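Below is one structure, written out as structure tokens; the observations come after it.
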Amino acid sequence: MNTLFKSIVPLAALATVAFAAQAADYPIKDKPVALVVPFAAGGPTDRVARDLAEALRKAFGGATSVVVENSAGGPGGLIGANKVAKANPDGHTLLVHHIAMSVFPGLVRNLPFKVETDFEYLGMINDVPMTLIGKPQLPANNYKELMTWVQANKGKINLANAGMASASHLCGMLWQSAVGVDMTTVPYKGTAPAMTDLIGGQVDLMCDQTTNTTSQIEGKKVKAFGVTTAKRLTTPALKDLPTLQEQGVKDFQITIFHGLYAPKGTPADVQKKINDALKIALKDPDFIKKQEGLGAVVVTDKRMEPAEHKKFIAAEIAKMTPVIKAAGVYAD
Ligand code: ASP
């Protein structure tokens with residue numbers, strides 16, 4: 001054995017031992033588990049992550065704190081997603097993200113990570129409907145009146161969103177094309193700051209997840225024109241809101257899924273510990289109650305499974321990519 005080799009062997013053994021110990025000890029005491037949210041604080045993805053953080057903390061038996069870290073920016077929250085793709089794979093930096101994971105490969109040129117292979121899939125979280133809402137100053141009080149206002153104000157209407165490839169962007173684009181009127185989109189780093197401007201009347205309309213809009217609709221801070229599901233919601237605050245479909249927007253249906261991801265290379269037993277904790281968290285009655293109160297539906301047991309999560313995203317990518325390419329849209 002040459003000297004160099006002799007010195008490498010014990011080092012490699014040491015690294016293996018250290019790594020194994022790390023996996024066995026997960027979560028490392030006094031080291032918080034960070035849930036990275038790729039949008040601004042106070043918005044819908046942030047809401048889901050904060051509720052999940054609390055449920056996960058309990059699921060880990062209080063062994064560690066679970067914190068939310070907002071890392072906003074880029075198309076579809078690219079900056080936060082990339083941060084997690086490049087993070088230390090020790091299970092202490094995780095990503096909570098939505099439908100944009102299935103849009104990235106078709107939309108972003110020179111994507112700095114591969115959605116399919118640079119993440120470990122830890123299970124899905126929930127499905128969240130969206131609502132079409134407007135500034136309180138609008139003269140319209142229902143969808144029919146909104147359409148009259150839209151027709152009378154063509155060329156002057158603006159629609160807030162969380163940037164290209166965000167859920168609000170997808171919903172807003174689909175709605176504009178369904179009604180056949182072009183509107184100016186106004187991008188924000190998340191729909192929390194967009195909501196502030198909508199309430200203030202600086203922008204006219206927005207389509208956003210119920211996890212952000214429910215309390216504003218309930219408090220009459222914004223006007224609500226319709227929900228994006230096939231059937232009306234049962235959530236008390238939203239049960240009287242008609243669907244967009246029943247108001248004539250043909251086949252208009254969109255819900256936003258959320259999932260949990262870790263950087264590639266996170267040890268298998270750490271992934272298992274996180275998935276076990278996720279399953280406990282998603283069955284936590286407090287978590288379920290909070291989600292239901294916001295119109296969100298916690299996923300089934302099957303969709304909590306990492307393999308199912310991975311399969312689902314692969315299928316969504318295969319579905320979305322040709323549509324995005326055919327539309328000729330892209331982001332850098
Ligand atoms: N709702 C946002 C979106 O449109 C993101 C957010 O602020 O959570 O994707």
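The values are calculated or read from the model by the stated rules, or taken from the named source; none is laboratory data. Every value quoted in this text rests on a predicted model; they were computed, and no experiment measured them. Every residue, glycine among them, receives a Cβ derived from its backbone with ideal geometry; neighbour counts consider all protein chains shown.
Results, tabulated for the structure shown:
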item: From the options Arg57, Arg47, residue that is of a type in the set (D, E, K, R) and within 12 Å of the ligand (Cβ to nearest atom); result: Arg47
item: Matching entry among Asn161, Asn153 (being modelled with pLDDT of 95 or more, touching a helix residue (DSSP H, G or I) at 6+ places or on another chain (Cβ under 9 Å) and not hydroxyl-bearing (Ser, Thr, Tyr)); result: Asn161
item: Test: residue in the stretch 171-194 that is under 26 Å from Lys290 (Cβ atoms), in contact with a Pro (Cβ under 9 Å, 6 or more places away or on another chain), more than 14 Å from the ligand (Cβ to nearest atom) and β-branched (Val, Ile, Thr); result: no
item: Residue, surrounded by the most Cβ atoms within 10 Å (Cβ to Cβ), within the stretch 188-232, restricted to residues that are of a type in the set (Gly, Ala, Ser) and more than 19 Å from the chain's Cα centre (by Cα); result: Gly226
item: Test set (1) within 16 Å of the ligand (Cβ to nearest atom); (2) out of contact with any Phe, Trp or Tyr (no Cβ under 7 Å at 6 or more places or on another chain) - Asp127 fails condition number; result: (2)
item: Unique residue being within 16 Å of the ligand (Cβ to nearest atom) and more than 27 Å from Ala178 (Cβ to Cβ) when the list is Ser102, Ser71; result: Ser71
item: Pairs with Cβ under 9 Å, 6+ apart, first in the stretch 296-315 and within 14 Å of Thr117 (Cβ to Cβ), second of a type in the set (A, V, I, L, M, F, W, C) and assigned to a helix (DSSP H, G or I); result: Ile313/Met101
